[in-house]
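The values are calculated or read from the model by the stated rules, or taken from the named source; none is laboratory data. The model shown is predicted, which means the values in this text are computed figures rather than measured ones. So basically every Cβ, Gly included, is an ideal-geometry build from the backbone, and we count neighbours across all protein chains shown. For accessibility, only protein heavy atoms count, side chains too; no ligands or nucleic acids. Shrake-Rupley method; radii C 1.70, N 1.55, O 1.52, S 1.80 Å.
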Amino acid sequence: MSETSEIVRDMSARLFADLATPARLYKAEAGVWDQPAWDRVQMMGLPLALVPEEAGGVGLEAADAAGLVASAATTALPVPLAETMLANRLLADAGLPLAEGPATLAPARPGDRFTLERRGAGWHLHGGAERVPWASIAGDIVIVAEAEGQVLAARVARSDVTPLPGRNLALEPRDRLEVDLELPGDAVAPLPAGITICHPLALGAAFRTAALAGAAARVLDMTVAYANERSQFGRPIGKFQAVQQSLALMAGQVAATKGAADLAAGYLDAYSQPGGADPLPVAIGKARAGEAAGMIAAIAHQVHGAIGFTHEHALHFLTKRLWSWRDEFGNDAHWQRLIGRRMAAAGPKGLWPLLTTL
Amino acid sequence: MSHFAFPPPIHPPGADDLRAEVRQFLAEELASRPASQRIKSWSGYDADFSRKLGQRGWIGMTWPKEYGGRERSALERYIVLEELLAAGAPVAAHWIADRQSGPLLLKEGTEEQKRHLLPRIAAGECFFCIGMSEPDSGSDLAAVRTRAVRTQDGWRVNGTKLWTTYAHKSHYMILYCRTSGVDDRHGGTSQFLVDLTLPGITIRPIADLSGERHFNEVVFEDAPLPASALLGTEGNGWNQVMGELAYERSGPERFLSTFVLLVELIRALGTDPSDQALAVLGRLCSHLAVLRRLSRSVAGLLQEGANPALQAALVKDLGAVVEQEIPELARQLVATEPMLGSDDIFQAVQGYAILNAPAFSLRGGTREILRGIIARGLGLR
Ligand SMILES: Cc1cc2nc3c(=O)[nH]c(=O)nc-3n(C[C@H](O)[C@H](O)[C@H](O)COP(=O)(O)OP(=O)(O)OC[C@H]3O[C@@H](n4cnc5c(N)ncnc54)[C@H](O)[C@@H]3O)c2cc1C
């Protein structure tokens with residue numbers, strides 16, 4: 001990690017912790033968009049973290065950018081940092097102007113598709129997507145679609161598409177898009193060669209894996225601290241072996257989310273290299289972290305007892321995100337089947353060579 | 001995140017060439033070894049094969065050249081290990097010596113001990129076993145009762161070691177035993193380098209539940225050890241043993257024990273498995289790939305001289321779960337009745353995996369003990 005990355009990491013960790021106060025998290029749950037929090041995040045340049053320096057960005061390495069996403073997730077900060085970082089990276093890759101405010105990317109689910117067709121000097125964009133994160137807040141939405149044998153990015157102003165609001169379990173916006181729109185020629189541009197139509201899904205899944213790892217690590221810290229604080233039968237509950245074994249199990253799952261996030265982040269560095277747009281590392285990371293998330297949330301609640309089941313205790317801000325994020329940008333089963341197909345195609349002889357490419 | 005770090009593993013220069021070289025070697029050497037043998041993984045014993053690895057320079061790879069090593073990095077060694085395991089190579093003969101006895105000698109041994117033994121280990125000609133467990137001392141290792149008492153020209157040992165893997169086919173045992181009173185549970189212990197041909201040592205193989213004889217009871221009756229047999233410092237046995245365990249717990253053998261079954265499962269499912277089977281395969285692969293990443297990360301930490309005991313315990317605990325899940329999931333996908341030694345390869349491999357799976361969360365520290373170590377690492381004890 002470079003010195004700049006370390007400074008960015010430490011400063012943003014402090015910023016996230018400052019911003020994500022319980023009062024603000026409750027307000028966000030009530031549906032109030034936290035513009036002041038976003039302004040602070042933007043002032044630090046974080047939405048441009050993944051954009052190369054030559055394109056006007058910060059040019060962090062993928063692992064460091066994923067580290068920022070994880071760091072924000074430890075605080076449950078209710079802003080579309082991951083989505084805006086990715087949207088800007090897509091725009092930079094396509095040579096389109098960067099977003100000025102919060103932004104997002106679509107599609108965000110395996111089955112959703114858009115079509116692009118040339119119309120005169122411009123384009124016709126058509127299609128729909130469910131559960132696009134933060135679409136109703138975003139200023140710009142980057143929509144990825146195939147046309148003329150290429151994968152293209154379209155820069156769409158939210159005001160032109162009117163998303164239909166929805167929410168996830170953590171009450172973050174997850175909105176429906178219905179698009180039937182004429183776009184000027186300079187709002188659409190091809191993404192680098194080698195990128196496939198599942199690119200936005202892979203990008204989103206890579207950063208959701210990072211976010212799961214961040215939230216998971218924080219939940220472990222909170223749960224260990226609680227186990228040392230809370231006393232029953234005259235001693236801290238963390239002294240009981242049954243509780244210790246549960247927490248050790250949880251620690252193993254948290255370690256797995258960390259390994260998963262590191263693997264998945266590799267895709268963000270590799271996809272622009274020849275042959276690098278293979279989503280396998282993301283598939284592995286997202287599937288593994290998604291599976292871990294449920295176990296981590298369950299043990300955290302078990303150890304916290306009734307107090308952790310209240311709206312007043314802060315644990316749910318994180319566990320609701322674990323339960324939501326694991327199903328976003330492709331659930332475990334989606335990615336597991338993709339991995340499984342690759343294993344079957346590799347066959348008995350090719351399985352080990354496939355594993356060692358990772 | 002505050003409790004444990006898993007830094008990204010380094011891709012050592014020349015890694016791809018090394019991997020290709022090992023693969024080529026194994027493809028030739030193991031061509032006629034069926035999956036029903038390869039599933040034995042690191043329990044498969046073949047002294048000739050170990051000697052060939054020694055000739056290639058793939059034992060004691062990281063050790064100094066003056067002791068027969070090759071001064072390669074821990075991550076290069078990792079590549080050799082994982083290729084051997086994935087291919088189901090019979091590595092048991094030299095495994096313990098390469099993994100922990102050699103490194104222990106290097107760290108604690110006298111110059112004479114090192115010169116005498118390390119080059120022979122690296123040549124694949126000298127095999128070791130671990131003398132820790134006893135009838136009344138399993139998880140509670142500090143309760144060992146075997147005792148070495150000073151004599152005029154050395155030590156005299158009495159007691160019984162149990163479950164000593166391949167003691168009957170090893171040249172030396174690293175013996176962990178008491179050297180002073182029991183009141184000092186940890187301080188009163190030491191380690192010895194025991195030549196198993198000495199008088200007063202009786203080795204009796206014990207059949208495991210499948211009838212195979214790999215582990216042993218080793219009885220010491222007034223066994224005389226020369227003074228030069230003391231390994232490290234008298235009274236420092238506990239600390240030395242704890243140092244050994246990080247090597248013992250984090251390697252690729254902690255999640256690849258049933259990899260050969262996964263390969264056979266893929267063969268059995270063919271090129272177009274059901275969606276359910278695809279998801280199961282994908283899930284297992286996601287576990288193995290993440291474990292491999294974490295385990296390589298620990299190899300990097302060991303190379304830097306860190307003490308990743310907590311991370312090693314996490315890897316071993318997660319690894320055993322997956323190794324044990326593979327046969328359980330295989331039986332959901334392929335309708336077969338497992339049978340050891342069957343002509344049907346899948347039946348035979350599945351049979352071996354099922355019969356050996358219980359050991360994965362016992363040997364090298366039980367699941368419960370590992371989770372206790374993890375809990376301590378989390379600050380709960
Ligand atoms: C295939 C195989 C090979 C082996 N090879 C060797 C070898 O080469 N050298 C060697 O020295 N040893 C070897 N062992 C022994 C191994 O290290 C021990 O089996 C292990 O340490 C457990 O000891 P035990 O079997 O006496 O079980 P015990 O310690 O009696 O444990 C029985 C059960 O009680 C649980 N338990 C015990 N203490 C606690 C506690 N404090 N809290 C919670 N639960 C607890 C255990 O987890 C386990 O589930 C081998 C074992 C096997 C199965």
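Run down A:G266, A:G347 and say which single residue is over 19 Å from the mean Cα position of the chain (by Cα) and either part of a helix (DSSP H, G or I) or within 13 Å of chain B (Cβ to nearest Cβ) (or both).
Going through A:G266, A:G347 in turn, the sole match is A:G347.
If you take the residues in segment B:364-381 that are in a loop (DSSP other than H, G, I, E, B) and free of Cβ contacts under 8 Å to residues at least 60 places away in the same chain, which one is farthest from the other protein chains (Cβ to nearest Cβ)?
Applying the filter and picking the extreme gives B:R381.
Please specify each residue of segment B:28-49 satisfying the condition of being within 13 Å of chain A (Cβ to nearest Cβ) and open to solvent by 70 Å² or more (accessible area, probe 1.4 Å).
Hit for segment B:28-49 is B:A31, nothing else.
May I ask you to verify whether A:D327 is at pLDDT 95 or above, open to solvent by 10 Å² or more (accessible area, probe 1.4 Å) and either more than 14 Å from chain B (Cβ to nearest Cβ) or not in a helix (DSSP H, G or I) (or both)?
Against the criterion (at pLDDT 95 or above, open to solvent by 10 Å² or more (accessible area, probe 1.4 Å) and either more than 14 Å from chain B (Cβ to nearest Cβ) or not in a helix (DSSP H, G or I) (or both)), A:D327 qualifies.
Please go through segment A:147-161 and give me each residue that is in a strand (DSSP E or B) and under 20 Å from A:A92 (Cβ atoms), ordered by number.
Scanning segment A:147-161 gives A:Q150, A:V151, A:L152, A:A153, A:A154, A:R155, A:V156, A:A157.
Determine which member of the set B:I130, B:I59 is in contact (Cβ under 8 Å) with a residue 24 or more places away in the chain and open to solvent by less than 20 Å² (accessible area, probe 1.4 Å).
Details: B:I130 fails: open to solvent by less than 20 Å² (accessible area, probe 1.4 Å).
Matching residue, one of B:I130, B:I59: B:I59.
Assuming B:P135 fulfils every condition listed in (1) within 15 Å of the chain's Cα centre (by Cα); (2) more than 30 Å from B:V260 (Cα to Cα) apart from one, which condition is it?
For B:P135, the failing item is (1).
So, A:F233, is that one open to solvent by 10 Å² or more (accessible area, probe 1.4 Å), more than 30 Å from A:L90 (Cα to Cα) and touching a strand residue (DSSP E or B) at 6+ places or on another chain (Cβ under 9 Å) or not?
On the way: open to solvent by 10 Å² or more (accessible area, probe 1.4 Å): yes; more than 30 Å from A:L90 (Cα to Cα): yes; touching a strand residue (DSSP E or B) at 6+ places or on another chain (Cβ under 9 Å): no.
So A:F233 does not fit the description; no.
State all residues of segment B:337-352 that are more than 14 Å from the ligand (Cβ to nearest atom) and open to solvent by less than 40 Å² (accessible area, probe 1.4 Å); if no residue qualifies, say none.
B:S342, B:F346, B:A348, B:V349, B:Q350, B:G351
Can you tell me which of A:R131, A:R109 is modelled with pLDDT of 95 or more, open to solvent by 40 Å² or more (accessible area, probe 1.4 Å) and part of a strand (DSSP E or B)? Lay out the reasoning, then the answer.
Numbers: A:R109 fails: part of a strand (DSSP E or B).
The unique qualifying residue is A:R131.
Filter segment B:266-288 down to residues that are open to solvent by less than 10 Å² (accessible area, probe 1.4 Å) and over 10 Å from A:R341 (Cβ atoms) and give me whichever is farthest from the chain's Cα centre (by Cα).
B:A277
For residues that are within 15 Å of the ligand (Cβ to nearest atom) and of a type in the set (S, T, Y), scanning just segment B:171-185, find the one that is least open to solvent (accessible area, probe 1.4 Å).
Going through the qualifying residues, I end up with B:Y176.
Against the conditions (1) open to solvent by less than 10 Å² (accessible area, probe 1.4 Å); (2) under 17 Å from A:G204 (Cβ atoms), where does A:R89 fall short? Just the number, please.
Just one mismatch for A:R89, condition (1).
Just a yes or no: is a residue in segment A:219-227 surrounded by fewer than 24 Cβ atoms within 10 Å (Cβ to Cβ), under 28 Å from A:A65 (Cβ atoms), more than 8 Å from every other protein chain (Cβ to nearest Cβ) and not aromatic (F, W, Y)?
Yes, there is a match, as at least one residue in segment A:219-227 is surrounded by fewer than 24 Cβ atoms within 10 Å (Cβ to Cβ), under 28 Å from A:A65 (Cβ atoms), more than 8 Å from every other protein chain (Cβ to nearest Cβ) and not aromatic (F, W, Y).
Could we say that B:V321 is under 21 Å from B:S250 (Cα atoms) and not assigned by TED's automatic domain parsing to the domain that holds B:I39 here?
yes
Of all residues in segment B:359-379, count the ones that are surrounded by fewer than 18 Cβ atoms within 10 Å (Cβ to Cβ) and more than 6 Å from the ligand (Cβ to nearest atom).
Count: 2.
State whether the residues of segment B:305-317 include one that is without any contact (Cβ under 8 Å) to a residue 60 or more places away in the chain, away from chain A (no Cβ under 13 Å) and either closer than 25 Å to B:S139 by Cβ or open to solvent by 10 Å² or more (accessible area, probe 1.4 Å) (or both).
yes
Restricting to segment B:155-170, name every residue that is within 16 Å of the ligand (Cβ to nearest atom) and either assigned by TED's automatic domain parsing to the domain that holds B:S43 or open to solvent by 70 Å² or more (accessible area, probe 1.4 Å) (or both).
B:W163, B:K169
Under 9 Å between Cβ atoms, which residue pairs at least 6 apart in sequence (or on different chains) link something in segment A:147-175 that is among the small types (G, A, S) with a partner that is part of a loop (DSSP other than H, G, I, E, B)?
A:A153/A:L96; A:A153/A:L191; A:A154/A:L96; A:A157/A:G139; A:S159/A:G139; A:G166/A:S136; A:A170/A:A76; A:A170/A:P78
Has segment A:172-192 got any residue that is more than 14 Å from chain B (Cβ to nearest Cβ) and modelled with pLDDT under 95?
To start, the set of residues in segment A:172-192 that are more than 14 Å from chain B (Cβ to nearest Cβ) comprises A:172-192.
After this cut, where a residue has to be modelled with pLDDT under 95 as well, the list is A:192.
Within segment A:172-192, one or more residues are more than 14 Å from chain B (Cβ to nearest Cβ) and modelled with pLDDT under 95.
B:L355 - would you say it is in contact with a Leu (Cβ under 7 Å, 6 or more places away or on another chain), within 16 Å of the ligand (Cβ to nearest atom), away from chain A (no Cβ under 11 Å) and under 24 Å from B:S41 (Cα atoms)?
Considered against the rule, which asks whether it is in contact with a Leu (Cβ under 7 Å, 6 or more places away or on another chain), within 16 Å of the ligand (Cβ to nearest atom), away from chain A (no Cβ under 11 Å) and under 24 Å from B:S41 (Cα atoms), B:L355 comes out as yes.
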